[in-house]
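Asks: Quick one: the structure is below, and I'll ask about it shortly.
Coordinate-derived values only; no laboratory data. None of the values given here were measured: they were computed from a predicted structure. Here the Cβ positions follow ideal geometry from the backbone for every residue, glycine too, while neighbour counts run over all protein chains shown.
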Amino acid sequence: MSTLQGKIALVTGGGRGIGRAIVEELAAAGATVAFTYKSSSIVSEDLASALRAKGHTVSAHQSDAASSSDAVALVERVIADHGRLDILINNAGITRDGLLMRMSEEDWDRVIANNLKSVYNFTKAAARQMVGQRAGKIINITSIVGISGNAGQSNYAASKAGIIGFTKSIAKEFASRNIQVNALAPGFVDTDMTGALTPEQKKALIAMIPLKRTARPEEIASVVRFLASDDAGYITGQVLCVDGGMTM
């Protein structure tokens with residue numbers, strides 16, 4: 001396992017699903033981890049407590065990723081508590097699926113704000129510290145839907161495609177400061193979202209995946225850990241698909 005000993009990490013949307021697995025993975029690799037949640041307070045505080053009981057340094061913070069002021073306040077708190085910020089994982093996101101002709105403006109705006117504006121918010125808030133350190137890792141969780149599109153998810157696909165363009169642009173801006181910025185595009189993962197599918201939907205889903213199974217959250221988290229480590233020091237501006245072969 002790539003070590004992250006002594007590193008300070010911030011994960012948005014870390015209370016559930018892929019985010020939870022990322023928090024657990026980074027903590028196990030030795031990082032001090034702060035993570036955000038918006039509404040799942042009991043689950044998130046329980047996660048932080050369980051990891052602290054194992055000897056890890058982990059804290060949970062209620063924060064709205066779509067709020068720029070919340071992002072600034074939390075980044076400032078993490079830096080005040082730990083003196084630096086080495087790793088930012090922009091993971092927070094939501095879905096509000098629907099065909100375009102039935103999609104409300106509110107559902108469009110909420111997805112763009114939570115999925116895309118949140119990445120801008122936290123990256124900008126963290127950038128000053130990382131630029132000053134002349135070191136940092138930023139990993140943005142996008143989706144294969146942002147590459148291929150998906151009927152009924154125009155808002156989600158647009159937000160995830162936007163993350164890809166943002167990642168490549170910021171990677172170019174920050175490269176001279178020794179900050180690596182990459183995106184990770186999961187395919188279908190065993191989370192609450194896929195758990196809500198019907199057996200027929202799951203069967204059709206599996207048929208599209210060359211490896212014939214969905215991913216476990218920890219399989220996404222282990223790639224995040226690699227990208228956050230010194231082992232990935234010469235990788236920047238890339239979109240790494242972890243999708244069982246769907247986009248090859």
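Asks: Report, to two decimal places, the Cα Rg of region 145-222 normalised by 2.2 N^0.38 Å (N = number of residues).
Replies: 1.34
Asks: From the P(r) of the chain, could you give the percentage of C-alpha pairs in the tail past 31 Å? List each step's numbers first, then the result.
Replies: Values: 5633 of 30628 pairs.
Percent of Cα pairs beyond 31 Å in the chain: 18.
Asks: Hey, another quick one. Zone of S39 (label point 7 Å along Cα→Cβ, backbone N under 17 Å): which residues in region 58-92?
Replies: Zone members listed by number: 62-67, 92.
Asks: Which translational diffusion coefficient, to the nearest whole µm²/s, is obtained for region 44-86 from the Stokes-Einstein equation, given a Kirkwood hydrodynamic radius over C-alpha pairs, 25 °C and 0.890 mPa s?
Replies: Roughly 213 µm²/s, to the nearest whole number.
Asks: Enter the mean projected area of the convex hull around the alpha-carbon atoms of region 1-128, in nm², rounded to one decimal.
Replies: On the way: hull surface 33.4 nm².
Averaged projected hull area, Cα only: 8.3 nm².
Asks: Each residue of region 58-72 in order: what ³J(HN,Hα) in whole Hz does its phi give by Karplus 6.51 cos²θ - 1.76 cosθ + 1.60, θ = phi - 60°, with x for Gly and Pro?
Replies: Once rounded to whole Hz, the list reads 9, 9, 10, 9, 6, 7, 9, 4, 7, 9, 5, 5, 4, 4, 4.
Asks: Also: Provide the per-residue ³J(HN,Hα) series for region 234-246, in order, calculated from phi with Karplus coefficients 6.51, -1.76, 1.60 and θ = phi - 60°, each as a whole number of Hz, with x at glycine and proline positions.
Replies: With the stated coefficients, region 234-246 comes to 10, 10, 8, x, 9, 10, 9, 8, 10, 9, x, x, 5 Hz.
Asks: Cα to Cα, under 19 Å, and not fewer than 8 places away if on the same chain: which lysines meet these conditions relative to K203?
Replies: K212
Asks: Then there is this: At a threshold of 8 angstrom on Cα-Cα distance, excluding pairs fewer than six apart, so keeping six or more, what relative contact order does the chain reach in percent? List each step's numbers first, then the result.
Replies: Values: 484 pairs, mean separation 49.2, N = 248.
Relative contact order comes out at 20 percent.
Asks: At R0 = 22 Å, how high is the FRET efficiency between I206 and Y234 if r is their beta carbon distance? Nearest 0.05 is fine.
Replies: On the way: r = 35 Å, r/R0 = 1.61.
The pair I206/Y234 has a calculated efficiency of 0.05.
Asks: Determine the sum of side-chain charges near A135: Lys and Arg each +1, Asp and Glu each -1, restricted to other residues whose C-beta is under 12 angstrom from that of A135.
Replies: Working: positive: K7, R84, R134, K137, R177; negative: D86, D230.
That works out to +3.
Asks: Sticking with this one: Give, in whole angstrom and from largest to smallest, the semi-axes √(5λ) of the equivalent ellipsoid of region 76-219, with λ running over the eigenvalues of the Cα gyration tensor. Walk me through the numbers on the way to the answer.
Replies: On the way: eigenvalues 194, 62, 38 Å².
Sorted largest first and rounded, they come to 31, 18, 14 Å.
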